[in-house]
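Reading through the structure tokens given below for one structure.
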Amino acid sequence: METFSDNIIFVDTEFSDLNPYKGEILSIGLVKLSGEELYLELEYGGEVSDWVKENITPTLTQPKVTREEAKKRIRDFVGGGKPYMVSYVNQYDTIYLYKLFAGEEHPFFWLPIDFASMLFAAGRDPESYSIEDKNNFFKEIGIDASKYHIHNALDDAKLLREVYLKTASK
Ligand SMILES: [Mg+2]
């Protein structure tokens, strides 16, 4: 597939709940096309869903940063060029990132890009991206997804970059 712009950053987040009224961002991974990366785990003292308690909380082992510090580090990393944020199934990443920057200028271009929609437009099942999906196309495009820790925000963003590089070109 041919993409519109190279001004993109791959983003993945983990968050406390699938209910967008309750959920908050817990961690974020950002990876540029160049491979330059940023990973942050955020301070959070609120409730988490049972699934998150079991699957995400134990994996958040890095020193935590405040929300203010996270915003500063994300802004510094993203820069002033208003890149598109590209995520796989982007609604939660988008919502929780927008909640983090609520009331302030958003560091990314206002229109977030969903890689699942790109797959759909390219004639692929948008669910076939998942490592857990038996019909996933990673082997077909020569990607060993087993080296990535699923649900680690940085690994999820790095995997997305690798898949994007193999499937999308400008
Ligand atoms: Mg993830």
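Each row is one residue, and each column tells you yes or no for (1) buried (at least 16 other Cβ atoms within 10 Å of the Cβ); (2) over 15 Å from the mean Cα position of the chain (by Cα); (3) touching a residue at least 60 places away in the same chain (Cβ under 8 Å).
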| position | (1), (2), (3) |
| --- | --- |
| Val48 | yes, yes, no |
| Glu54 | no, yes, no |
| Gly79 | no, yes, no |
| Tyr92 | yes, no, yes |
### All positions within region 100-109 that are without any contact (Cβ under 8 Å) to a residue 12 or more places away in the chain and surrounded by 12 or more Cβ atoms within 10 Å (Cβ to Cβ)
His106
### Task
Could you look through region 150-170, keep only residues that are surrounded by 13 or more Cβ atoms within 10 Å (Cβ to Cβ) and not in a helix (DSSP H, G or I), and pick out the one that is farthest from the ligand (Cβ to nearest atom)?
Ala168
### Query
Considering region 81-90 alone, what residues qualify as being buried (at least 18 other Cβ atoms within 10 Å of the Cβ) and closer than 18 Å to Gly23 by Cβ?
Met85, Ser87, Tyr88, Asn90
### Query
Restricting region 1-15 to residues that are more than 13 Å from the ligand (Cβ to nearest atom) and polar (S, T, N, Q), which is surrounded by the most Cβ atoms within 10 Å (Cβ to Cβ)?
Thr3
## Note on the structure
From the option list Leu160, Leu100, Leu154, single residue qualifying as of a type in the set (A, V, I, L, M, F, W, C), more than 16 Å from Leu33 (Cα to Cα) and within 15 Å of the chain's Cα centre (by Cα) is Leu100
### Task
With respect to Ser130, determine if the residue is more than 15 Å from Leu30 (Cβ to Cβ) and more than 16 Å from the ligand (Cβ to nearest atom).
no
#### Entry: Test result for Lys139, away from the ligand (no atom under 16 Å from the Cβ) and assigned to a loop (DSSP other than H, G, I, E, B)
yes
### Message
Quick check on my filter: what residues within region 110-169 are within 25 Å of Val52 (Cβ to Cβ), free of Cβ contacts under 8 Å to residues at least 40 places away in the same chain and among the acidic types (Asp, Glu)?
### Response
Asp114, Glu127, Glu132, Asp133
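Yes or no, residue by residue, for (1) out of contact with any helix residue (DSSP H, G or I) (no Cβ under 7 Å at 6 or more places or on another chain); (2) among the charged types (D, E, K, R); (3) farther than 24 Å from Val163 by Cα; (4) modelled with pLDDT under 95:
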{"site": "Ile8", "(1), (2), (3), (4)": "yes, no, no, no"}
{"site": "Glu36", "(1), (2), (3), (4)": "yes, yes, no, no"}
{"site": "Ser49", "(1), (2), (3), (4)": "yes, no, yes, no"}
{"site": "Leu60", "(1), (2), (3), (4)": "yes, no, yes, no"}
{"site": "Glu69", "(1), (2), (3), (4)": "yes, yes, yes, no"}
{"site": "Phe77", "(1), (2), (3), (4)": "yes, no, no, no"}
{"site": "Gln91", "(1), (2), (3), (4)": "yes, no, no, no"}
### Summary
Just one listed residue, out of Gly23, Gly35, is of a type outside the set (Val, Ile, Thr) and surrounded by 18 or more Cβ atoms within 10 Å (Cβ to Cβ), and it is Gly23
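The values are calculated or read from the model by the stated rules, or taken from the named source; none is laboratory data. Note that the coordinates shown come from a computational prediction; the quantities given were computed from them, not determined experimentally. Note that each Cβ is placed from the backbone with ideal geometry, even for glycine, and that neighbours are counted across all protein chains shown.
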